[in-house]
Amino acid sequence: VVTLFASKPWPRESRKLSAARLLLLAQNYRMSELQGAVALGQLPRVAGVAERRRQSARFLNKMIAGVPGIRPPRVPSNTDPSYWLYMLRIDASIAAVSAEQFGEALLAEGVPAWVRYIVKPLYLSSLFTEMRTFGKSRYPFRPYGKQEYKAGLCPQAEKALDDVIAIHWNENYSEAHVEQIGAAIIKVARHYAAAAAGESRR
């Protein structure tokens with residue numbers, strides 16, 4: 001429990017993120033002083049790193065624009081995303097395949113992706129559903145015990161998690177890397193579209 005308390009408390013034996021990923025209310029004390037010093041030294045590079053990520057993401061956006069059932073991340077005009085991940089959306093009713101199946105196919109094509117990125121929203125973690133705290137204090141939940149955390153609380157967020165594939169993104173991706181990712185997305189989309197068309201003719 002002490003180890004979990006110092007590491008946000010995330011059960012690291014699981015390879016997939018899930019609703020159980022935050023087991024109780026705890027801290028995030030993983031960074032050492034040395035790591036903090038290195039991070040401070042890297043801060044001047046952040047703007048350039050983010051801009052390179054944006055440029056490669058824009059390139060992928062153009063590659064897959066217009067592919068039926070595939071939605072690149074929506075970027076409001078007043079924002080500059082850092083693209084920690086490239087969040088690809090799959091409209092299953094158009095793409096004729098679930099996001100999970102599409103993501104597994106992308107993995108088979110060599111695309112570095114996180115299929116079922118979070119699985120369930122944060123409020124379904126046992127931290128909230130069971131109001132679990134470190135020890136027996138039940139703080140800060142005790143004064144707010146009337147709040148219920150259950151499926152359906154944020155239906156749009158829950159649906160969005162079913163539709164998304166998180167592609168790992170990197171400022172060091174070359175144009176060739178992005179072209180390979182884009183080609184894989186288009187290939188998988190065409191495969192399922194052709195399969196669906198074949199089924200509809202039978």
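The values are calculated or read from the model by the stated rules, or taken from the named source; none is laboratory data. Bear in mind that the values here come from a model prediction, so they are computed numbers and not experimental data. When we count neighbours, we look across all protein chains shown, and the Cβ atoms used for this are built from the backbone with ideal geometry, even at glycine. We work out accessible area using only protein heavy atoms, side chains counted, and drop any ligands, DNA or RNA first. Shrake-Rupley method; radii C 1.70, N 1.55, O 1.52, S 1.80 Å.
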task = Among what's in the range 148-159 and is of a type outside the set (Ser, Thr, Tyr) and in contact (Cβ under 8 Å) with a residue 24 or more places away in the chain, pick the residue that is farthest from Ile185 (Cα to Cα).
result = Lys150
Selection count where residues are surrounded by 11 or more Cβ atoms within 10 Å (Cβ to Cβ) and under 25 Å from the mean Cα position of the chain (by Cα), scope the range 133-161 = 8
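Only one residue in Val119, Val67 is on the phi > 0 side of the Ramachandran plot and assigned to a loop (DSSP other than H, G, I, E, B), so which one is that?
Within the list Val119, Val67, the selection yields Val119.
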query = Among the numbered criteria (1) open to solvent by less than 70 Å² (accessible area, probe 1.4 Å); (2) assigned to a helix (DSSP H, G or I), which single criterion is violated by Glu179?
reply = (1)
request  = Check Ala194, Ala184 and return the single one that is in a helix (DSSP H, G or I), open to solvent by less than 70 Å² (accessible area, probe 1.4 Å) and out of contact with any Leu (no Cβ under 9 Å at 6 or more places or on another chain).
outcome  = Ala194
query = Before we move on, is Ala92 on the phi < 0 side of the Ramachandran plot and at pLDDT below 95?
reply = yes
note = Over the range 96-111, the set of residues open to solvent by less than 50 Å² (accessible area, probe 1.4 Å) and either part of a helix (DSSP H, G or I) or under 17 Å from Asn170 (Cα atoms) (or both) is Ala99, Phe102, Gly103, Ala105, Leu106, Val111
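In the range 52-85, what count of residues is obtained for those that are of a type in the set (Gly, Ala, Ser), under 17 Å from Glu179 (Cβ atoms) and free of Cβ contacts under 8 Å to residues at least 12 places away in the same chain?
Selection size over the range 52-85: 2.
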request  = Give the range 147-181 a look and list any residue that's touching a Leu at 6+ places or on another chain (Cβ under 7 Å) and farther than 17 Å from Asn61 by Cβ, or say none.
outcome  = Tyr149, Ala151
request  = From the list Val164, Val119, pick out the single residue that is surrounded by 14 or more Cβ atoms within 10 Å (Cβ to Cβ) and closer than 22 Å to Ala50 by Cβ.
outcome  = Val164
